[in-house]
Amino acid sequence: MDNEQAVLEISAVEITKSLLSDLKQLSRCAGEPVAVVFADSLLRKMRSLHDMYMDDPYTEIVMALHDALAYQNNWIEYGSEQYQGAYNLFLSLVEREKITNVEVENAILTLEQIGFDTLPFGVKLDNNFPEEEITV
């Protein structure tokens with residue numbers, strides 16, 4: 001690993017750590033008017049992380065949460081417990097120097113289990129069409 005890559009990983013982790021304070025505040029004031037301040041700050045930091053470190057594993061997890069929050073301003077709909085769960089998840093992740101693809105997948109699944117819709121932009125399938133028969 002070259003020095004540039006090491007700096008990149010450390011920087012992405014540091015930005016991810018900066019999300020923690022906003023998540024903590026959102027867990028305390030979800031549903032209150034002041035929550036908009038922390039949601040705005042959180043979403044801006046998430047987009048910054050994406051712009052600077054698009055290929056970092058932490059970014060993939062952060063953007064999954066970003067999509068859940070940003071889509072149709074859904075950040076308003078999530079509650080204190082969900083933000084606390086996201087805080088706990090990211091706290092556990094940033095304590096590691098490096099995360100694997102499996103850990104990325106597990107973290108996104110954890111966000112889903114907490115109640116965040118990490119794929120809000122997904123395509124809805126129409127199940128009214130009969131399935132094609134495949135003969136071999």
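The values are calculated or read from the model by the stated rules, or taken from the named source; none is laboratory data. Every value quoted in this text rests on a predicted model; they were computed, and no experiment measured them. Neighbour counts are summed over all protein chains in view; Cβ atoms, including those assigned to glycine, are modelled from backbone coordinates with ideal geometry. Heads up: the accessible areas ignore ligands, DNA and RNA and are worked out on the full protein's heavy atoms, side chains in. Shrake-Rupley method; radii C 1.70, N 1.55, O 1.52, S 1.80 Å.
Working only within region 22-62, note down all residues that are small (Gly, Ala, Ser) and either assigned to a loop (DSSP other than H, G, I, E, B) or at pLDDT below 95 (or both).
Within region 22-62, ALA30, GLY31, SER48 qualify.
If a residue has to be within 15 Å of LEU119 (Cβ to Cβ) and open to solvent by 10 Å² or more (accessible area, probe 1.4 Å) to count, how many in region 65-76 make the cut?
Of the residues in region 65-76, 6 are within 15 Å of LEU119 (Cβ to Cβ) and open to solvent by 10 Å² or more (accessible area, probe 1.4 Å).
Within region 86-94, identify whether any single residue is among the β-branched types (Val, Ile, Thr), at pLDDT 95 or above and not in a loop (DSSP other than H, G, I, E, B), and answer yes or no.
There is no residue in region 86-94 that is among the β-branched types (Val, Ile, Thr), at pLDDT 95 or above and not in a loop (DSSP other than H, G, I, E, B).
Could we say that ALA70 is aliphatic (A, V, I, L, M), in a helix (DSSP H, G or I) and more than 12 Å from the chain's Cα centre (by Cα) here?
no
From the set of residues in region 105-136 that are of a type in the set (A, V, I, L, M, F, W, C) and in a loop (DSSP other than H, G, I, E, B), which is modelled with the highest pLDDT?
Here is the first cut: in region 105-136, the residues of a type in the set (A, V, I, L, M, F, W, C) are 107-109, 111, 114, 116, 119, 121, 123, 125, 129, 134, 136.
Right, trim to in a loop (DSSP other than H, G, I, E, B) and you get 116, 119, 121, 123, 125, 129, 134, 136.
Working: PHE116: 97, LEU119: 91, PHE121: 82, VAL123: 56, LEU125: 51, PHE129: 52, ILE134: 49, VAL136: 47.
Step by step, filter region 105-136, then rank; the result is PHE116.
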